[in-house]
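The values are calculated or read from the model by the stated rules, or taken from the named source; none is laboratory data. A quick note: this is a predicted structure, and the numbers were derived from the prediction, not measured. As a convention, Cβ positions derive from the backbone with ideal geometry for all residues, glycine included, and neighbour counts pool all protein chains shown.
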Amino acid sequence: MVKETMLIASDHAGFEMKAVIGVRLIDLGFKVLDLGTNKTGSVDYPDFAEAVALALLEGKASRGVLICGTGIGISIAANRHRHVRAALCHSATDARFARAHNDANVLALGARTTGIEIALDCLSIFMGTPFEGGRHQRRVKQYS
Ligand code: RB5
């Protein structure tokens, strides 16, 4: 069976959480494409939002995870791209609705604001929840 590829990227603040998320994705049966950062030194989060947006556009994957300190900057930057629907999630409930109602294709996490166990819960719910479509599809189309 072909494994679905998941994109992951973060700035320095999200570097450690990205490593844990990557391992969990592999455990869940995904192939992981890590677009950096690959070091703990200070970097600019828009570069990594851009990398994931580009990889989505190129069809390298259909979903990804972006992490910065709060998840705010990196989700704002990612959402500048029309094809990206990045949802900053702080709970499994956020992650569930982000998929079911918003068809989010990027899970954004804040490494300084969300504990790792909650982040991992967000990840598994995000990966396992289908888009409900219907009236939500109409609304998503209005801004896609
Ligand atoms: C980096 O210090 C920090 O500003 C960044 O990770 C993020 O939290 C921005 O929104």
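Out of curiosity, is SER124 under 12 Å from the mean Cα position of the chain (by Cα), outside any loop (DSSP other than H, G, I, E, B) and surrounded by fewer than 17 Cβ atoms within 10 Å (Cβ to Cβ)? First the steps, then the outcome.
Working: under 12 Å from the mean Cα position of the chain (by Cα): yes; outside any loop (DSSP other than H, G, I, E, B): yes; surrounded by fewer than 17 Cβ atoms within 10 Å (Cβ to Cβ): yes.
So SER124 fits the description; yes.
Could you list, in sequence order, all residues of the stretch 104-117 that are surrounded by fewer than 19 Cβ atoms within 10 Å (Cβ to Cβ) and part of a loop (DSSP other than H, G, I, E, B)? Talk me through it step by step, then tell me what you get.
Going residue by residue through the stretch 104-117, those that are surrounded by fewer than 19 Cβ atoms within 10 Å (Cβ to Cβ) are 112-113, 115-117.
Across the stretch 104-117, the qualifying residues are ARG112, THR113, GLY115.
When you check PHE97 against the structure, is it under 11 Å from PHE126 (Cα atoms) and at pLDDT 95 or above, yes or no?
yes
In the stretch 123-142, is there at least one residue being at pLDDT 95 or above and within 16 Å of the ligand (Cβ to nearest atom)?
No, the stretch 123-142 contains no residue that is at pLDDT 95 or above and within 16 Å of the ligand (Cβ to nearest atom).
Being part of a loop (DSSP other than H, G, I, E, B) and crowded, with 18+ Cβ neighbours inside 10 Å is the filter here; which residues of the stretch 18-34 pass it?
Step one: filter the stretch 18-34 for residues part of a loop (DSSP other than H, G, I, E, B), giving 28-30.
Listed by number, the list holds a single entry, PHE30.
Quick one: which of ARG85, ARG139, ARG96 is within 23 Å of THR5 (Cβ to Cβ), of a type in the set (D, E, K, R) and out of contact with any strand residue (DSSP E or B) (no Cβ under 9 Å at 6 or more places or on another chain)? If you could, list the steps in order and put the result at the bottom.
Numbers: ARG85 fails: out of contact with any strand residue (DSSP E or B) (no Cβ under 9 Å at 6 or more places or on another chain); ARG139 fails: within 23 Å of THR5 (Cβ to Cβ).
Going through ARG85, ARG139, ARG96 in turn, just one is within 23 Å of THR5 (Cβ to Cβ), of a type in the set (D, E, K, R) and out of contact with any strand residue (DSSP E or B) (no Cβ under 9 Å at 6 or more places or on another chain): ARG96.
Which one of these does VAL43 not meet: (1) part of a loop (DSSP other than H, G, I, E, B); (2) more than 11 Å from the ligand (Cβ to nearest atom); (3) β-branched (Val, Ile, Thr); (4) over 20 Å from ALA98 (Cα atoms)?
Going through the list (1) part of a loop (DSSP other than H, G, I, E, B); (2) more than 11 Å from the ligand (Cβ to nearest atom); (3) β-branched (Val, Ile, Thr); (4) over 20 Å from ALA98 (Cα atoms), VAL43 breaks only (2).
Of all residues in the stretch 85-112, count the ones that are within 16 Å of the ligand (Cβ to nearest atom) and not charged (D, E, K, R).
Of all residues in the stretch 85-112, those within 16 Å of the ligand (Cβ to nearest atom) come to 86-90, 106-112.
Then keep just the ones that are not charged (D, E, K, R); that gives 86-90, 106-111.
The number of residues fulfilling the criteria is 11.
Got a number for residues in the stretch 53-73 being more than 15 Å from the ligand (Cβ to nearest atom), of a type outside the set (Gly, Ala, Ser) and within 19 Å of ASP103 (Cβ to Cβ)?
Kept after step one, since they are more than 15 Å from the ligand (Cβ to nearest atom), are these residues of the stretch 53-73: 53-64.
Checking the rest, the ones that are also of a type outside the set (Gly, Ala, Ser) come to 54, 56-58, 60, 63.
Retained after the next criterion (residues that are within 19 Å of ASP103 (Cβ to Cβ)): 56-57, 60, 63.
Of the residues in that region, 4 qualify.
Of the numbered conditions (1) of a type outside the set (S, T, N, Q); (2) surrounded by fewer than 18 Cβ atoms within 10 Å (Cβ to Cβ); (3) part of a helix (DSSP H, G or I), PHE15 satisfies every one except a single condition; which is it?
Of the numbered conditions (1) of a type outside the set (S, T, N, Q); (2) surrounded by fewer than 18 Cβ atoms within 10 Å (Cβ to Cβ); (3) part of a helix (DSSP H, G or I), the odd one out for PHE15 is (2).
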